[in-house]
1. Ranking Trp107, Trp28 by Cβ neighbours within 10 Å, fewest first, what do you get?
2. Can you run phi through the Karplus equation (6.51, -1.76, 1.60; θ = phi - 60°) for segment 35-46 and list ³J(HN,Hα) in whole Hz, with x for Gly and Pro?
3. Return Leu65, Leu45 ranked ascending by Cβ neighbour count within 10 Å, so the fewest neighbours appear first.
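Taken together, the values in this text are just the output of simple stated rules run on the coordinates, not laboratory data. Keep in mind it's a predicted model, so treat the numbers as computed, not measured. So basically every Cβ, Gly included, is an ideal-geometry build from the backbone, and we count neighbours across all protein chains shown.
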Amino acid sequence: MITYSTGPPDKPQPPTMSINNKFVRVSWTAPVNNYEALDAYQIKLSTTSPDGFVQDTTYCDGANLVIFNRQYCQIPVSLFSDPNYLYKLYAGFEIKAIVAARNKNGWGPFSQPSTTGAQLETLPN
C-alpha cells in the first residue's frame, strides 16, 4: 500500500491582471494541492496604503463557491474613485495581486505579485 504525505497547498504561480472600462480582473491557476482538495483562495490587491496588499471579500472572496470554481474575480473600476473604498488609488497606479490556496491542512504560501498589473490611466468618474 502506498501512503502519501499531505500538507498545505503549494505556492501558486503569480496571478494575472487585466482591466477594461468596467472591471479590474484577477485570474489565477490552482497550485499543487498536496493530495487534499482545495477549498478556498485568498486574494489580495496592492494599494497605496502602508499595508501594501489588502483583501476585498465583497468582490474577491476566494471562499465564495462561484469565485473559487471560476478562479477569477472582478472589481468594478468605478469603485477605485470612491473615497470610502478600501483601495486608495490614484491615476497611473499599477494594481497588482497575490493569491494563496487552502486545503484541510491549512493555508499555503502567497504567490509572488502578478508580474503585470492593471493600471488605471485616469480615475473613473
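1. Ranked by crowding around the Cβ, least crowded first: Trp107, Trp28.
2. 6, 10, 4, 6, 10, 6, 10, 10, 10, 10, 10, 6
3. Leu65, Leu45
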